[in-house]
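All of the numbers you see were taken from the coordinates with simple rules; none came from a lab. In this text the structure is predicted, and so the values were computed from the model without any measurement. Here Cβ is always computed from backbone atoms with ideal geometry, including for glycine, and neighbour counts include all displayed protein chains.
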2 protein chains.
Amino acid sequence: MSEVQNIGIVGGGQVAQTIGNKMLTLGLAVMISSRDLDSDRDLGPRGKLPSVNQWASQHTAAGLKAFGGSFSQAAEFGEVVFNCTAGVGSVDALTAAGEHNLADKILVDLANPLDFSQGMPPTLAVCNTDSLGERIQAHFPQARVVKALNTVSAGVMVDPKLVTGAHDIFVAGNDVEAKEWVSHILLREWFGWERINDLGDITAARALEMYLPLWLQLFQMLQTPYFNIQVVR
Amino acid sequence: MSEVQNIGIVGGGQVAQTIGNKMLTLGLAVMISSRDLDSDRDLGPRGKLPSVNQWASQHTAAGLKAFGGSFSQAAEFGEVVFNCTAGVGSVDALTAAGEHNLADKILVDLANPLDFSQGMPPTLAVCNTDSLGERIQAHFPQARVVKALNTVSAGVMVDPKLVTGAHDIFVAGNDVEAKEWVSHILLREWFGWERINDLGDITAARALEMYLPLWLQLFQMLQTPYFNIQVVR
């Protein structure tokens, strides 16, 4: 499992591109994905997010192994698959990706089920007695779902040193080997995380997703996405 | 407001007694309360919690200003009132305490709406689009509700040095002066908190209460209630 070469990312937005960019710098081959490969995205004052095809061609021109494709192509491509879609659309997107393309693979679920339909702040589309992580595991029982990284912003996910001082990240999932790969290879070796906490089976995704309202409050208070929490005892 | 002498505590359990004990050591007069003043409580391996009347008589014998009474007597007694009841029963208990006894007073809400009726781990009886803090403010519109301290265990509430290193506490509420009293007098001066974060109006109680599932996961992982989080940037 430590010899993973091909990363499939279901999603083509900011989280997908941030994860993808980091994977490319590690020498990995990455396919990000979208239903619409040619639309860029207006991020307001933060500029424009390239379309999936633009992202791929820019990085290919720089000699990197970057690809764009459909959800299904990306899931097929990846030896490990990342769910980087908006949480309210994740089950649909992963269904389009294809259950057979996820079977027996580690599926790292980074998403939060934020529902913006009633305005700001968003609520959670699922919580308390269920979670997005559990729903994904239930919909795709052969996938080895690991909930991880949903408690920090995209930049911090791949570069924990953006936050000064010690801080913590969490994993949850039913497959112990999958969690070990995510903890030791993905989080520690590839992304540089030092404090990694295993919270148990996938039901702990409830706790990780229900932390989001506090994250949003802290984001508003601190006016920066570059923060996290340290567990102190 | 800094000359508060009489503290009314709605509730007589472990949180009520911990808060009460601390207030007594500060020279304040404290009334804790219960529907049943004479029943002690079995805490299993941690021993027995004295009944409200036992608590009062033990401390009175030591020369301290400790009283036991009904919810209504405690709320009437307090210049500041604390809600230290189990969250699922808080609105009923505060109704018994009497709306007129809460009017224009700071009501510090420490409770979490944990529902143990479906077994462990507990779920939240209210969350996401509402919170216990908001419900209490809505039921008692003349009370000056401040949500605080619900994110740490009782011992840490009154003795933050039980946790080594810097760590954070939060307040939320609609009444700015009430929050300032809670922040500067109660939390900093009386209890010794150094990092106090104002998260805004009482709707932020959602975030503070929805943190509880993560607190419970961390409690299970760390096997001690003496922990907290530090916000790191």
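Are any residues in the stretch B:79-138 within 14 Å of chain A (Cβ to nearest Cβ), more than 17 Å from residue B:216 (Cα to Cα) and among the acidic types (Asp, Glu), and if so, which ones?
Correct list: B:130, B:134.
Identify, please: which residue in the stretch A:221-233 is in contact (Cβ under 8 Å) with a residue 40 or more places away in the chain and within 8 Å of another protein chain (Cβ to nearest Cβ) and is, among those, farthest from residue A:172 (Cα to Cα)? Write out each step before concluding.
First, pick out the residues of the stretch A:221-233 that are in contact (Cβ under 8 Å) with a residue 40 or more places away in the chain: A:225-231.
Next, only the ones that are within 8 Å of another protein chain (Cβ to nearest Cβ) stay: A:226-231.
On the way: A:226: 23, A:227: 21, A:228: 18, A:229: 17, A:230: 18, A:231: 17 Å.
Here the answer is A:226.
Within the stretch B:21-44, can one find any residue that is in contact with a strand residue (DSSP E or B) (Cβ under 8 Å, 6 or more places away or on another chain), in a helix (DSSP H, G or I) and touching a residue at least 24 places away in the same chain (Cβ under 8 Å)?
As a first pass, look at the stretch B:21-44 and keep what is in contact with a strand residue (DSSP E or B) (Cβ under 8 Å, 6 or more places away or on another chain): B:23-24, B:28-34, B:37, B:40-43.
Now drop any that are not in a helix (DSSP H, G or I), which leaves B:23-24.
Filter once more, so that each one left must be touching a residue at least 24 places away in the same chain (Cβ under 8 Å): B:23-24.
There is at least one residue in the stretch B:21-44 that is in contact with a strand residue (DSSP E or B) (Cβ under 8 Å, 6 or more places away or on another chain), in a helix (DSSP H, G or I) and touching a residue at least 24 places away in the same chain (Cβ under 8 Å).
Taking into account only those residues within the stretch A:16-64 that are basic (Lys, Arg) and closer than 26 Å to residue A:152 by Cβ, which is nearest to the chain's Cα centre (by Cα)? Steps first, please.
Narrowing the stretch A:16-64 to residues basic (Lys, Arg): A:22, A:35, A:41, A:46, A:48.
Filter once more, keeping what is closer than 26 Å to residue A:152 by Cβ: A:22, A:41, A:46, A:48.
Details: A:22: 12, A:41: 19, A:46: 21, A:48: 20 Å.
Looking at residues that are basic (Lys, Arg) and closer than 26 Å to residue A:152 by Cβ, I get A:22.
Quick check: anything in the stretch B:168-189 within 12 Å of chain A (Cβ to nearest Cβ) and small (Gly, Ala, Ser)?
yes
Could you list all residues from the stretch B:200-220 that are within 11 Å of residue B:151 (Cβ to Cβ), at the interface with chain A (Cβ under 7 Å from one of its Cβ atoms) and either acidic (Asp, Glu) or in contact with a Pro (Cβ under 6 Å, 6 or more places away or on another chain) (or both)?
B:207, B:210
Kindly evaluate residue A:49 against the criterion of being more than 22 Å from residue A:103 (Cα to Cα) and surrounded by 16 or more Cβ atoms within 10 Å (Cβ to Cβ). If you could, list the steps in order and put the result at the bottom.
On the way: more than 22 Å from residue A:103 (Cα to Cα): yes; surrounded by 16 or more Cβ atoms within 10 Å (Cβ to Cβ): yes.
The answer is yes for residue A:49.
Give the stretch B:29-67 a look and list any residue that's over 23 Å from residue B:90 (Cα atoms) and in contact with a Pro (Cβ under 6 Å, 6 or more places away or on another chain), or say none.
none
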